[in-house]
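I have placed the structure first, in the form of C-alpha cells, so that the comments after it can refer back to it.
The values are calculated or read from the model by the stated rules, or taken from the named source; none is laboratory data. The model shown is predicted, which means the values in this text are computed figures rather than measured ones. Note that we place each Cβ from the backbone using ideal geometry, even for glycine, and neighbour counts take in every protein chain shown. Note: accessible area is taken over every heavy atom of the protein model, side chains too, but ligands, DNA and RNA are not part of it. Shrake-Rupley method; radii C 1.70, N 1.55, O 1.52, S 1.80 Å.
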Amino acid sequence: MQWEKLKPPEPDDPMCCCECDLDQYGCCCDCEDLDEAFTRWLRDRPSKGGSCQKKKRTLFFLTLSLYSLFYMYYLFITEILPRGNVSQLQVCTVTTGVILTLVSLIQTKRGPGFVTPCLHVAHSHSQEAEKDSTHLNGCIQSAAATGTKNTLTTKRSSCPVCKIMRPPRAGHCRTCGSCVQRLDHHCVWINSCVGQANHRSFLLSLSVFVVTSLYGISLVLSSLCPRQYLMTALLYCPGVYTQSSSALCFTCAWYSSIVTGGLFYMWLVQVVNISLNVTEREAQLALRNKTGQRRLGGLVISTGQFSRGFCQNWAEFLTMADTSVSPRSSLTDLV
C-alpha cells in the first residue's frame, strides 16, 4: 500500500485516513478533509446509496448521564427513604455527594484550556524575559534553566488545522476543532475535551461520583436485602421481585453497579497515567510509534518521557494552571 500525503500531517498525531491513496476509505474519517475525500470517492466510483457523516459533538451522552443521576437520586428519596432503614445523616451524605458531583462537573465544563494565538505571544514574551535575565545575571544555574526551557521550546509544533504554534504536550481535537493544552482525551460523557485546565476537576468528578454511587448502592441493597451480606446481595436477594417498587430499585442498583464499574476503571486509568505523568493521547501515540511499554495487561502504558517520579508527577498535576487567555465561559457554553 502506497501512502500519499495530501497535506503535511501533524508530527505527533496519528496519520489520517484521508492521507491514504485509497480514497474509498476516506468517508470513514472524521478529519477536516471528509467532504473532499468523499467527493473524490464519488468521482471514481458510483454511489451505492450509502452515506457517511462526520463525528460531531453531541449532548446525548451528557443528557443520559445527568438523567440517570437525577433519576437514581429520585428513586432513593421516594422509594428507599420511606422504608425507614436509612438515617438522616446517610441521606445528607448522599445528597452532598450528588451536589459535589454536579459542582465539579460544571467546573469541568468551563473549558479544557484551548490554545490561542495570544497564548503563543505571551509564551514568547516570557521566554525573552527569561533570556534577558539570564544574560544579566550570568549565573550558571540560570543558564541551565534556560537550556531546559530551550529544550521544551524545540518541542513546540505548528497545528496544520488551527495554523497556530502549540506548546509542548498540546494536541488538536478533531471533535472540538481546536488545540487543547496538555490534551488527555475527548470525553463524550461530558461533551468536552479533558485538558490542562479541567483535568483536576474531571478527576474530582470521577472520584466523587464513584464514592457516592458505591455508598448509595450499599444503602439500597441494605434496605432491600437486610438479611443478606452486602457483597452477595446484588447476586442473590430473595423476595425482591414480589413488589414492583422493590424490583425497580433492585434493577436500578444493578444498572448503577455496571456504570460505576466502568467509571471506576476510567478513574483507575487516570490515576495510573497521572502517576506516570502521561496523558491518554500520549499513551496511544506511544503505542502507535512502538515507544511505549504495556504493563499489567495494558492498564499501564509507560513512555518514560515526562515522568519525574511519583511525588513529582502528582505535584505537577496538582499545581498546573490554565495559561490560556481565552474569555471566561458563560452558562450557555457549559453544554
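Condition test on Val210, is it within 19 Å of Lys109 (Cα to Cα), modelled with pLDDT of 95 or more and either surrounded by 16 or more Cβ atoms within 10 Å (Cβ to Cβ) or in contact with a strand residue (DSSP E or B) (Cβ under 7 Å, 6 or more places away or on another chain) (or both)? In short, yes.
With the requirement that a residue be polar (S, T, N, Q), within 30 Å of the chain's Cα centre (by Cα) and surrounded by fewer than 18 Cβ atoms within 10 Å (Cβ to Cβ), what does the stretch 221-269 give you? Selection gives Thr251, Ser257.
If the condition is being among the hydrophobic types (A, V, I, L, M, F, W, C), part of a helix (DSSP H, G or I) and either on the phi > 0 side of the Ramachandran plot or without any contact (Cβ under 8 Å) to a residue 40 or more places away in the chain (or both), then the stretch 172-222 contributes only Leu221. Within the stretch 77-106, residues that are closer than 20 Å to Ser192 by Cα and open to solvent by 50 Å² or more (accessible area, probe 1.4 Å) sit with their Cβ atoms under 9 Å from residues that are modelled with pLDDT under 95 and assigned to a helix (DSSP H, G or I), at 6+ positions apart or across chains, in these pairs: Ile106/Leu334. For the stretch 277-324, the tally of residues that are touching a strand residue (DSSP E or B) at 6+ places or on another chain (Cβ under 6 Å) and within 19 Å of Ser207 (Cβ to Cβ) stands at 1. Within the stretch 292-320, no residue satisfies the criterion of being loosely packed, with under 12 Cβ neighbours inside 10 Å, part of a loop (DSSP other than H, G, I, E, B) and hydroxyl-bearing (Ser, Thr, Tyr). Inside the stretch 178-198, residues that are under 12 Å from Gly111 (Cβ atoms) and surrounded by 24 or more Cβ atoms within 10 Å (Cβ to Cβ) make up a count of 9.
Name the single residue, out of those in the stretch 158-171 being part of a strand (DSSP E or B) and open to solvent by 20 Å² or more (accessible area, probe 1.4 Å), that is modelled with the lowest pLDDT. My answer is Ser158.
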